[in-house]
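What follows is calculated from the coordinates using simple rules that are stated; it is not laboratory data. Note that the structure is predicted; figures quoted are calculated from it, not measured. No Cβ is skipped: glycine too gets one built from the backbone with ideal geometry, and neighbour counts run over all protein chains shown.
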Amino acid sequence: MAELKRMGKGDVTHFPIISDSDLQKLYFSIHMSTLTPQGLFNKVHFDARLYFCRRRNKNMYSMTQDTFYIVNDENTGRKYVEKVVDEMTKNRRFGKEASSGLMPETPDSPFCHVASFESYISKLHPGNARIWQRPKDTFNAEDQIWYCNVPVGEKKLSSFMSGLSKSVGLSKSYTNHSIRATGATILSKGMYGLAHVMAVTGHKSVQSLSVYQRVSSDEKIQMADMLFKNIVPVPKNVLPALPSTEQLGSSMPPAGSENVMAPALPSTERPTIMRPIPF
């Protein structure tokens, strides 16, 4: 089947890209609020999938609190989250991952990913090594621990984005792979080359990355408008000029012959004889 898909003879499933409006709706939703255990879990989990372009749910389930750590850039002092523990990917196994993204801080933003991550880590149950822990049903904001001594199940993690889509009321039901596809698509449409994008997503070949280089309807409309402007460069509010009499040539009648009838062409049919009607 994989070979058929490469040859263009098999069905290829394209996971829907999360639209800009749905992304905004997500981040402004109470379901991604960092003021509640569930909202904080949702935001940090979504951020991790987006910035590190993670693919396999099994890898997400096995992640521990040592999977990520915070680094201070030695040149700028800017903090960022880095993934350091190896994982088995679809294509090959990394040691300390050669291909992985970073999640930098944005101190002036209420959506700062590093601040959310630090808050989440500080609220985890110390008796459980897993990083994705089940949020408490009831809590106080002042509580030191917001999460249970129980990891979120693999099945629950596998339906994370579809469940979040329904809770937030997004325009469609997205999947976990939609998050990865969205990250790869955003990077592909930016100023970064394929090699740069592959360094973040971990794709093995340009061909496997090409499925994320999709063109939206809005972009197609913009391209069509560009074609029209180059083919028909007519200024606004200016109608096309009407043809002159010189351009029309012999098709125009001579001056003063407005009432001259063109000669009738000979007919090949026999004339119709009108006979009087008898009374």
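Which ³J(HN,Hα) values, rounded to whole Hz and listed in residue order, are derived for region 34-42 from phi using the Karplus coefficients 6.51, -1.76 and 1.60 in 6.51 cos²θ - 1.76 cosθ + 1.60 with θ = phi - 60°, glycine and proline given as x?
Once rounded to whole Hz, the list reads 7, 8, 10, x, 5, x, 5, 4, 4.
Residue by residue through region 25-33, which ³J(HN,Hα) values in whole Hz follow from phi under the Karplus form 6.51 cos²θ - 1.76 cosθ + 1.60 (θ = phi - 60°), with glycine and proline marked x?
Once θ is set to phi - 60°, the couplings for region 25-33 become 4, 4, 5, 8, 7, 4, 6, 10, 6 Hz.
Quick query: amide H of GLN133 versus all other amide H atoms, modeled in the peptide plane; which residues come in under 5 Å with a sequence gap of 5 or more or a different chain?
For GLN133, the qualifying residues are VAL152.
Under 5 Å between amide hydrogens, which residues at least 5 positions from ARG78 or on another chain qualify, with H placed 1.01 Å from N in the peptide plane?
ASP73
Under a Cβ-Cβ cut-off of 13 Å, what is the net charge of the residues other than ASP22 that fall near it, where Lys and Arg count +1 and Asp and Glu count -1?
+2
Work out from phi, with θ = phi - 60° and the Karplus expression 6.51 cos²θ - 1.76 cosθ + 1.60, the ³J(HN,Hα) of each residue of region 108-121, listed in order in whole Hz, and give x for Gly and Pro.
Per residue, the Karplus-derived 3J(HN,Hα) values read 8, 9, x, 9, 3, 6, 5, 4, 5, 4, 4, 5, 5, 4 Hz.
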